[in-house]
Amino acid sequence: LLIAFAAGTGSLYAQNDAVKIQPLVTDLYTADPSAHVFNGKIYIYPSHDVEAHVAQDDEGGHFQMRDYHVYSMDKIGGKVTDHGRVLDVKDVPWADKQMWAPDAAFKNGTYYLYFPAKDKQGIFRIGVATSKSPSGPFKAQPEPIAGSYSIDPAVFTDADGKSYMYLGGIWGGQLQRWHSGTYDKTLMTDLGKGHENESALSAKVALMSGDMLSFAEPLRDVQILDTNGKPLLAADNDRRFFEGAWMHKYNGKYYFSYSTGDTHLLCYAEGSSPYGPFTYKGVIMNPVEGWTTHHSIVEFDGKWYLFYHDSALSGKTHLRNVKVRELLRDEAGNIKTINP
Ligand code: FUB
C-alpha cells in the first residue's frame, strides 16, 4: 500500500510498475476478457485456456479451447463468481474446435454471446448463442453468422441503440486469407513479401441487425490513419492492427483499440464515428508476459478499467490469466500508457 501511495494514485489498481496485479481467476486459465456491466454488476466473458499439448506455431494451433465460462463481480476488487461452463463446442452444431476470444451484448431482454471457432473445414467463423441471463447458459444458433469470418468479435452498442460488431485477426486469425473476397488458404500470416508498403490489413466492422443474430450490411474496413491522414502500412508492426479489437466511447469520441500481435502492444486510435476512420493515438499497455495481448475497456462506478491477460502464472503463452487495472487519461482524454 505504501508503494501504491508513493506512486501517487492512491488506488491499488491504477499503478504503473509499482504493484503486482493478481489474476482474477486462478483455478482455470482464462484469457481475452471482454468485460461488460449488466444489471449493475461486472460480467467477464473470457476464453478458457487448456493444455492440449499442441506445439506453438504462427497459426495459434496451441490455443485449443473447447468451452466458455462466465464470471461476475459486484465491484472491482470484490469476489469473483464463476457461473460455470456456459457453452461447449460440442453443443455448437457448426463448430469443430478452437473457441477463441468471445464477447457479449444485451438487447431487448436477451444476452448474446459471440464467439469465433473453426468450422469443420478449418475456417474461422463467428457464432452467436443466446440466453435470458448474462451468466448463461447460452444456446448456440445452428449456423455461424452469415458472411462472418476470422476471429475476435467485439460488439459495441452506441447511445442510439445501434450495435456494431468489430472483428478480425491476422496470422492464425485468418483475416489475410479473405483479402481478395474469397478464402485463400495459402496466405499464412499476412499478405506476404512485396506487400510491406501497402496499407495494413484492416479489422472489419458491420452494423448488427435488430435481432443481433446477423449483419445488417457487408463488413467494412476499419481504417487506422496516421496523423497525416495516411493509412498505416503493413510493415508498421508497432502500430498496425493485428487482432483483439475493442470499441468504447468517451466524451463523445469513439476509441478503437487493438493488439499489434507480433510487437505485443495494446494500441488505440480515435474517431468521430463507430465506422471510423480512426487516427492512431498511442499505446495503452506495453507488452505483458506471454506472446498474446488482448483486452477490453469498461466504465464502472465512474472509473474506467482495462481488463487484460498475461502468462505470468504459467510461464506458457497459451495458459493465461485474466487481470484488471484502472485506465487513466490525461485532461485531453488521451489514455496513459500502462507498464505492466
Ligand atoms: O485466445 C486465442 C487468441 O489469442 C485470441 O483470439 C487472440 O486475440 C489472442 O489473444
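How big is the Rg/Rh ratio for the chain, C-alpha atoms only, Rh by Kirkwood, two decimals?
Taking Rg over the Kirkwood Rh, I get 0.93.
How much net charge surrounds Gly192 when only the other residues with a Cβ under 14 Å from the Cβ of Gly192 are counted, with Lys and Arg +1 and Asp and Glu -1?
That sum, taken over residues with Cβ under 14 Å, equals -2.
If you average the alpha carbon positions of region 160-222 and of region 66-118, how far apart do those two centres end up, in angstrom?
22
If you project the alpha carbons of region 156-229 onto the principal axes, what extent comes out on each, in Å, largest first?
The Cα atoms of region 156-229 stretch 43, 34, 17 Å along the principal axes, largest first.
For region 10-112, take the alpha-carbon Rg, divide it by the Kirkwood Rh, and send me Rg/Rh.
Looking at region 10-112, the ratio lands at 1.01.
How big is D, in µm² s⁻¹, for region 283-340 by Stokes-Einstein at 4 °C and 1.567 mPa s if Rh is the Kirkwood radius over C-alpha pairs?
Taking Rh from Cα pairs, D becomes 107 µm²/s.
Along its principal axes, what span do the Cα atoms of region 193-340 show, with the longest given first and each in whole Å?
44, 41, 37
Quote the Stokes-Einstein diffusion coefficient, in whole µm² s⁻¹, for region 62-190, based on the Kirkwood radius over alpha carbon pairs, a temperature of 37 °C and a viscosity of 0.692 mPa s.
Result for D is 212 µm²/s.
Among Asp190, Asp27, Asp96, rank each residue by its count of other Cβ atoms within 10 Å, from fewest to most, as a rough exposure measure.
Asp27, Asp96, Asp190
Within 10 Å of each residue's Cβ, count the other Cβ atoms and sort Ser133, Ser202, Ser180, Ser34 from fewest upward.
With the sparsest Cβ surroundings first, the list reads Ser180, Ser133, Ser202, Ser34.
I need the phi-derived Karplus couplings for region 206-216: 6.51 cos²θ - 1.76 cosθ + 1.60, θ = phi - 60°, integer Hz, Gly and Pro marked x.
Working through the residues one at a time gives 8, 5, 8, 5, x, 8, 6, 9, 8, 7, 8 Hz.
Using a 7 Å offset from the Cα along the Cα-to-Cβ direction at both Trp94 and Ser214, what is the distance between the two label points in nm, to one decimal?
Here the modelled spin labels are 1.1 nm apart.
What percentage of all Cα-Cα pairs in region 119-176 are separated by more than 16 Å?
55
Please arrange Glu143, Glu331, Glu299 by how many other C-beta atoms lie within 10 Å of their C-beta, fewest to most.
Starting with the residue having the fewest Cβ neighbours, the order is Glu331, Glu299, Glu143.
Below 12 angstrom from the Cβ of Val155, what's the summed charge of the other residues (Lys, Arg +1; Asp, Glu -1)?
-1
Just so you know, all these numbers are worked out from the coordinates, no wet-lab data involved. In this text, all values refer to a predicted model and were calculated from it rather than measured experimentally. When we count neighbours, we look across all protein chains shown, and the Cβ atoms used for this are built from the backbone with ideal geometry, even at glycine.
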